[in-house]
Amino acid sequence: MRDGEQIVFKGESEQSPDTSPGDLIVQLKQVPHSFFHTRKGSDLYADFQLNLKEGLLGYNKKISHLDGREFFIDSDKPTQPFSVRKVAKEVNAFINLKGNAPTWLFITKRKLIC
């Protein structure tokens with residue numbers, strides 16, 4: 001359900017003698033979450049920073065969903081910056097993977113890579 005949507009319970013408001021009860025209306029308010037920053041329809045999105053080692057060699061990260069369930073996302077191969085991964089088949093949660101690459105390298109480090 002979306003922020004601001006209303007749920008109407010017909011005839012469920014306070015009752016008193018000789019009157020028919022009215023409707024009880026509940027309006028939803030979406031509150032910000034510390035990890036999932038964006039919602040598109042039913043899908044949740046979050047950002048995950050990968051360091052250079054994780055981006056090149058792989059990673060294994062634990063994610064807690066809104067209901068407390070824990071999921072793991074992992075990879076054993078290089079990850080492209082700004083790629084998006086679905087957390088698990090049964091939840092509509094996606095992770096934007098952002099990489100941190102160095103802006104410069106010492107000559108000795110360059111030789112190790114090349």
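Quick note: the coordinates plus some simple rules give every number you see, no bench work behind them. Note that the coordinates shown come from a computational prediction; the quantities given were computed from them, not determined experimentally. Ideal geometry is used to build each Cβ from the backbone, glycine not excepted, and the neighbour counts take in all protein chains shown.
Summary table below
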quantity	calculated
Order of Arg69, Arg85 - criterion: other Cβ atoms within 10 Å of each residue's Cβ, fewest first	Arg69, Arg85
Label selected from [x] 1.30; [y] 1.23; [z] 1.34, the criterion being Rg/Rh (Cα atoms, Kirkwood Rh) as computed here	[x]
Residues of type lysines that Lys62 reaches as a straight line, Cα spacing below 29 Å, ignoring anything fewer than 8 places off in the same chain	Lys29, Lys40, Lys53, Lys77, Lys86, Lys89, Lys98
Pairwise FRET efficiency - Glu5 versus Gln80, Cβ, R0 = 35 Å, nearest 0.05	0.45
